[in-house]
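One structure is given here, and the rest of the page talks about it.
No lab work stands behind these numbers, since they all come straight from the coordinates. This is a predicted model, so every value here is computed, not measured. Neighbour counts run over all protein chains shown; Cβ positions are idealised from the backbone, glycine included.
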Amino acid sequence: MKSFNRTQGRPPHQDLLTPAEWRVVNLARHGLTNKKIAENLQVSINAIKYHISNAVEKLRVIPDSGITDKKSLLKFIGADKNSAYHKIQENKKHMKNYATISSIGQISRTVQDIKQSETWFRDTLGLKHLYTFGQLAFFDIDGVRLFLSESEEKKKDNPESIIYFQTNDIKNSHKELTKKGIEFSHSPHKVHTHEDGTEEWMAFFKDLEGRPLGLMSLVK
């Protein structure tokens with residue numbers, strides 16, 4: 001009888017993390033709780049904990065990564081090999097001198113009812129509606145984006161609006177601002193991929209009064 005060897009489990013993925021792990025890590029880097037991540041991806045909380053645990057174990061072995069738990073993922077900079085961000089960074093390795101901040105790209109504001117607000121900002125104010133995604137709605141005001149997010153809570157300690165500065169290279173901007181003593185609460189991470197493949201990347205830091213500011217970059 002001819003013998004043969006069987007392999008068990010899935011073959012190792014060619015990337016640093018699996019696609020499922022990247023999806024979870026990206027949301028964790030945005031500061032979402034396990035419950036919110038599970039709701040966003042429509043999976044169980046146990047599945048989220050499993051992917052985070054696997055991702056942390058894989059990333060902690062990278063020299064000087066500083067990855068020890070979910071919270072430390074906020075400092076992790078990276079992207080899956082198939083992402084537009086990864087490909088752009090590979091092409092830019094031989095280039096220098098990018099503008100740290102080029103313009104204001106977005107201003108955010110919380111609202112209590114996203115549907116009513118979408119109608120009011122679009123039909124009453126006449127703003128150009130870009131798209132609505134769940135409890136988030138986006139409008140264009142002559143190149144500056146207004147970002148509305150639904151929230152029932154009114155947090156006294158948080159400002160009503162966050163300014164997002166546009167940059168053409170968020171990784172380089174993060175590096176240069178860090179050199180100047182700015183401490184980032186959230187390192188560059190992908191928050192959304194549009195239908196045409198354009199990726200939105202963001203990072204967050206604070207001003208002198210401790211109020212949050214954002215960096216944003218559209219990677220095509």
Fill in the blank from the handout: In nm, the gap between the two label points placed 7 Å beyond Cα toward Cβ at Asn46 and Asp196 is 4.3 nm
Handout entry: Cross-link pairs Lys115/Lys175; Lys71/Lys115; Lys58/Lys87; Lys36/Lys81; Lys36/Lys180; Lys70/Lys115 - those with Cα-Cα distance over 28 Å
Key = Lys115/Lys175; Lys71/Lys115; Lys36/Lys180; Lys70/Lys115
Handout entry: the chain, helix-only ellipticity at 222 nm - DSSP H runs n ≥ 4, -39,500 (n - 2.57), divided by all residues, nearest 500
Key = -7500 deg cm²/dmol
Problem - Extended-chain gain in nm, criterion 0.36 nm per residue less alpha-carbon gap, Ser185 and Ile107 - result: 26.2 nm
Fill in the blank from the handout: Once normalised by the length of region 19-76, the mean sequence separation of its alpha carbon contacts under 8 Å that are 6 or more apart gives a contact order in percent of 36 percent
Handout entry: Length-normalised contact order of the chain in % [C-alpha pairs under 8 Å, at least 6 apart]
Key = 19 percent
Completion exercise
Relative to the chain, whose Cα atoms define the longest principal axis, helix 170-179 and its Cα axis are tilted in degrees, nearest 10, by 80 degrees
Exercise for the section: At most 16 other Cβ atoms within 10 Å and a DSSP loop assignment: could you name the trypsin sites (Lys or Arg not before Pro) in region 158-211 that fit? Expected result: Lys180
Problem - For the chain, the longest site-free run once GluC sites (Glu not before Pro) in DSSP loop states with at most 11 other Cβ atoms within 10 Å are removed - result: 1-151
Fill in the blank from the handout: The residues Asp207, Asp142, sorted from fewest to most surrounding Cβ atoms within 10 Å, come out as Asp142, Asp207
